[in-house]
Every structure is written in structure tokens, then in C-alpha cells.
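Structure, as C-alpha cells:
The values are calculated or read from the model by the stated rules, or taken from the named source; none is laboratory data. Since the model is a prediction, treat every value here as computed from it, not as a measurement. Every residue, glycine as well, gets a Cβ built from its backbone with ideal geometry; the counts of neighbours run over all protein chains shown.
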Amino acid sequence: MTRIGEFLFRRRGHGGRWHWTDIATWTWLILGTVLMFGPALWLVGSSFKGPAQLAEFPPTILPYVQEVTEVEGYDKPLPLYTATLEDGTTRTLAEIRRIGTNSQMVDPANPGEKINVNIANRSPLREIGLATGNYVEPLVANNFVLFLWNSVFVTTMATLITLLTNSMAAFALSKYRFRGRDAVMLLIVATLMVPLSVILVPLYSVVNATGLLNSLWGVILPTVATPTGVFLLRQYMLTIPDELLEAARMDHASEWQIYWRIVLPLAAPALAVLAIFSVVWRWNDFLWPLIVLSKRELYTLQVGLNTYAGELNVQWHYILAMTVVTMIPVVIVFVFLQRFITTGIAGAGIK
Amino acid sequence: MAGLGQTLGRAATWPLTLAARAVDPPLRAWQRRTGTGGMAAVFLAPNLLIFSVFVLVPLVLNFAYSMTGGTGILLGQRPFVGAEQYARLLECQDYTRPITCREDQFWTAVGNTAQFVIFQVSLMVVVSLITALILNRDIRGRSFFRAVFFFPVLLSPVVVGLIWRWILQRQGLLNLIMVKLGLEPEVWLNDRVYAFAATIGVSTWAHMGFYTLILLAGLQAIPRDLYEAAEMDATPPGRVFWRITLPLLGPNLAVVLVLALIRGVQIFDEAYVLTGGGPGTSTLYLTQYIYESGFASLLREPGLAAAASILMGAVLVVLTLIQLWLSRRAEGRKAR
């Protein structure tokens, strides 16, 4: 252990002496790690607890499920309890039914004899286990499979269209000289200033007029012409040498072929960054889908989650599990592609 | 293995390749008519079309909406009222007391948003600066810790809101900690001050990783020899920080400040999911006011919402111009 500690906390180049700034650094980093991951981990842990366990205070760290057993003469498996009987003995009994404060119990080994126990004198027998029903039930019964599908559809389509239209525009803006090019560029930069929240009302009326209200395309189309995407791709395409294009023209390649077969493959790194960004953006979108989609079967995961979490009687065991489902793609991006995003932000300052 | 991956990759993009081939002949014909240069218009068209319909047209229409009244959504059905909506929003006897204003909700939202921005941006800059300074040190596992602070940035606002609602609820983790420490548990989100503080804390938690990255990039761009020279002269670390680090980080710090301001003014999603604007109106922010007056309330008033969003947009435009100017200056400095 001490050797592991020594390895982790050894300071490079400064010998073994610990300065107070080292202690402050590691305190901040460890506290930060707990604070950044802790809340999400707590949510994941809670999502495997049943509703009864979620209502408990103080909450337990690990998820438990009540043990059940098959008892002769009963169709369903019965829940097990540790019961203290009137004579002071403690036995493991299965509950048949509960009437008021009285619990009718039976010994699994001796199914003939029924025992009445006050509910104050019994405590559930639990083992560590996962309440997987939290995941299965809302997906099947509460439309969440639909929401999931809608989210996947919106994210995929929006990302594909974003990549295509943005890269075409970037190609035109980086490889052609034409009148008004600077004006178009300026326009694109200028609209970086116009966030969606500023044009909600007129955008809604445009979407309404184009018949896209209550359609997933009404969510997809307004988001795809991202100025950041065009900007990012254009900056990258400027670094592709024009000689390559000229050589292709010599070989009678059409402009479309030059775009599709030369420029796009060469711009792959920038396209990858934009694709990752676009997936995260579109997956996480909330305000706009909330406004455009009013039919329940069209909700995306984010809107569906918000709706169910806003009900008077929140069914937290479902909400928590579905929040975890909503987190999955983003966690995958974080684990495998985080490096691309962080370099993208550090390089271009986009988000 | 590489062969298999390539084959799979080709198979996946096969439909796209087919489509790209299919559009080549008509585009070739077009190119013959307009020449190479005319193709620029073809490449620009899709993006520009979508952009015009869903950004430029709404931008212009927004002004039109802000000068009409009524509850209809079609512009044709809406009577022209001139600057009436603006007058409604701005009319106030005492601007420090929203209750005396004609649109008291609007002024409550403005006040809340202003307070939110002041506290959140200060907290954000301080926390992300400290984190960036620490990550810039020569520590083990630096890229791991850089990723750690970035994790919440990727989470959706709805997920962020729900994670913290779950922690701050009556039987939540925070109350567990309070009880373990021997303190009284609280229903955090039912308290005006705690709920307000929660929106600040949670949004800082969710976005600080982004600003940390920008500052870290700035710190790494500071030439090493400056620090080496300071070390030779045995300059005390505090002085190194105030005389070298902070002035050279200045441009990045300014960009972070303005970006945080721009995004702070627009705060909506995570706060909305966390508190729903409550308790009462203590966490009602501007975007939520616009959303509710335009879409969610019983009496929809698109004109009022449009006017409010134009006022907010004006603030954002000023902030963005400052940001563009600052990042230009930062670029210029780097080039020199």
C-alpha cells in the first residue's frame, strides 16, 4: 500500500519533500473527483433500488432487494421477514398478507401453520440485489422505448445533415473565390450571437408555417445549419493544399467528386470532432424539443424525462433509471472520445 | 483485422457512396453550364437555405412579433400595437421593487437573472481558474484529472437537474451527510435562498470544466522561460502569479468572463428542471419567463415574449461583440 501511495504521490523532479501547495493540489483534485463523479454515481446506485428502499431515510449506499421464497400452497413467491414472536424467539417467516398493523405469516418449512405478527415486530430480510424492474417497466409500459427511439433518430439525422451541409458550405467558403464570400462569412459569424432562446417565438411560427410542428423534423432542421460547424470545417479545409484540387481537375474530376473524394476524406479529423459535438448537442437538446413536440409519442428522452419528473407524484425509481439510460451515450463519448472534444475546445473554443 | 474493419466501414457508408455517385451526373451538367466557379453556389445552397429559413427569417420576424398584440400565433391575425409591448415590459414605478412594475414577473426575472449572473460568473471564474492552475502543475495523471472536471460538461441539462434534485431532496444524499455531521436536515429546494444558491452551484458544477479547459490552454501558452527566469531570480511564487501568470492569462480570462456572462444570462434548462422557477418566483430566470409567457402559460402572449427576447438579445449582442473584440486581441497578442 505504502508503495502504491509513494508511486501516486511522488513528485517529479523535486525530490521527496512535500510543500503545502502539493497538499492543497491533491486535496482539490481528490475533492473535485468526488464532487464531479459522486453525484452521477449516487444516481446510478439509486436507480437500482426499489421504491420502498428509495423512500427510506437514512438511505443505504448499496441497493438491496427483499428476499422471496416459494412456499407450498401459494402461487406467488412470498417475501421473507425476520419476525420477533410473542414468546421472544426470532424466526424467518414468509408474509402471506397484511391486514392493518397485523401481518399474517407462515413458516416456509411448515406451510400449514399461520402466525400473526404485528408489523412493528418484523423487518424485511434483504440481500444485495438490483431492482432491474426500474429499467424494464418504464421502457415497456411508459413509452420510454419510443422516447429513446425518437432521441436516437433526431441525433442521427441531425448529425448526418449537419456534417453534409456544413462541410459543403465550408468547402465553398474555403476553396472558391466568389463575390459575397466575405459577406456570407460575416453573416455566419454574426449569427453566433443569436442563440435559440432569443428567436423562440418567430421560429415556432416558421416551423408552424412549414408544417413541421409536432414532427421530429421540426426538431432536427432548425439545429443543423450550425455556424460553429461551418467555421470549424472551413478553418480545417483552408489547410488542404489547393494543388491537390488542381491536379484532380486536370484529371477531369467534377467539382462534386473533388468535394466528395478528396476534400471530405482529408477533412476527416475535423468532421469527427464536429460529429462528436453534434451528437452530444442534439442528444442533450431540451428547450426546442419541449416547444415543438406536444404529442407524447414524439417526445425525446429529455422532454419525456422532464415531463415524468414534473408530475405531482414523481415515480423516482423510474425517473432515476431512465436518467441513467439518458446518460449512457454521453458517458460512452466521455470514456472513448473525450480527448477529441477537449482538444477541440482548447483549439477552437467551441462548445 | 484492419481489412475487416475497412470492409465494415465501406459497407456502412455504401448507401452514402451510392447517393454521392447518383448526384454526380446532374451536378456535372450544371457545372458545364455555370463553370467551376458557379458550383460554389451549389455547395453553399443547402446550408444557406436552412440557415435563412430557421435563423434569418425568424430573426426579422421577431421584431414584427414584438410590435403586435393578441394571443394568435399567425402574424396575419395579430393586430399592430407599435411599441406597446416594450412599454408594458419597461413601465415601472420603482425598478428596485418588481411588484410596482406593470409586468412584475418580467422584472422579477430580470432581477433574479442579474443576481444569478453576478454570483455564478464570479464563482465560475474563481473555481475554474484555481482548477486550471492546479492542472497546469507538474502532477501525475494530469490528463485523467482534466477529463474528470470535464465529465459534467457533457451531461444534458435535464440529467444535471435531475441528479441534483435527487441529491437535494428530503431523503437525499445531502441530508444524509447533514445528519451524519450532526446537523439538521433541510428541504433544500423549498427554501428561497437555498434554491437560488442551488441553481448557481449546480450550473457552475455543470460548466466549470469547459472554462477550465480554455484557461488551461492559456496557461500552457505562457512561455516556460519566463518562469525559469523568475526562478533564477528567486521571485516569490505569489509575485510570479501576479506579475507573470495573471497578466499573460488576461486575454483568456476575459474571454472566459464574457462567455460565462453570455451563457449565464440565458440560464434555463438545468435551473428549470431543478427548481421549476420556484419556490414562488425565487429562481425564475429570463429565458423561463420568455418560454412561459410565449408558450407555457394559459394566456399565451407571443408578442410580449418576442419583445422580452429582443431585450435579452440586445444584451447578448453587446456581450458577444465584446467577446469577439477580446478574442481578436488575444489572437493578435499570440501572433506577436
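Just a few scattered comments:
- Selected residue (only one of A:T223, A:T191 is touching an Asp or Glu at 6+ places or on another chain (Cβ under 9 Å) and either assigned by TED's automatic domain parsing to the domain that holds A:W288 or outside any helix (DSSP H, G or I) (or both)): A:T223
- The criterion of at least 2 residues that are surrounded by 17 or more Cβ atoms within 10 Å (Cβ to Cβ) is met by the following helices (runs of 4 or more DSSP H) wholly inside segment B:217-336: B:246-265, B:269-275, B:286-291, B:302-335.
- If you go through segment A:52-95 and pick out every residue that is over 29 Å from the mean Cα position of the chain (by Cα) and of a type in the set (A, V, I, L, M), you end up with 8.
- Here A:R177 meets the list (1) within 20 Å of A:P241 (Cβ to Cβ); (2) assigned to a helix (DSSP H, G or I) almost entirely, failing just condition (2).
- Every residue from segment A:194-215 that is among the polar types (S, T, N, Q), more than 7 Å from every other protein chain (Cβ to nearest Cβ) and either surrounded by 19 or more Cβ atoms within 10 Å (Cβ to Cβ) or outside any loop (DSSP other than H, G, I, E, B) (or both): none
- Spans of strands (runs of 3 or more DSSP E) in segment A:78-154 with at least 2 residues free of Cβ contacts under 8 Å to residues at least 60 places away in the same chain, aliphatic (A, V, I, L, M) and surrounded by 15 or more Cβ atoms within 10 Å (Cβ to Cβ): A:78-84, A:90-99, A:102-107, A:110-118
- Some residue of segment B:181-203 being within 20 Å of B:F149 (Cβ to Cβ), touching a Leu at 6+ places or on another chain (Cβ under 9 Å), within 12 Å of chain A (Cβ to nearest Cβ) and buried (at least 20 other Cβ atoms within 10 Å of the Cβ): yes
- Wholly within segment B:1-112, helices (runs of 4 or more DSSP H) carrying at least 3 residues that are more than 10 Å from chain A (Cβ to nearest Cβ) and among the hydrophobic types (A, V, I, L, M, F, W, C): B:2-51, B:84-90
- In the set B:I118, B:I139, only one residue is surrounded by fewer than 23 Cβ atoms within 10 Å (Cβ to Cβ), facing another protein chain (nearest Cβ under 7 Å), without any contact (Cβ under 8 Å) to a residue 40 or more places away in the chain and on the phi < 0 side of the Ramachandran plot; that residue is B:I139.
- Residue ID - nearest to the chain's Cα centre (by Cα), chosen from residues in segment A:248-270 that are of a type in the set (A, V, I, L, M, F, W, C) and away from every other protein chain (no Cβ under 13 Å): A:A270
- Flag for A:V34 being surrounded by fewer than 15 Cβ atoms within 10 Å (Cβ to Cβ), outside any strand (DSSP E or B), among the β-branched types (V, I, T) and more than 14 Å from chain B (Cβ to nearest Cβ): no
- Any hit, segment B:170-179, residues being within 22 Å of A:V34 (Cβ to Cβ), in contact (Cβ under 8 Å) with a residue 12 or more places away in the chain and more than 9 Å from chain A (Cβ to nearest Cβ): yes
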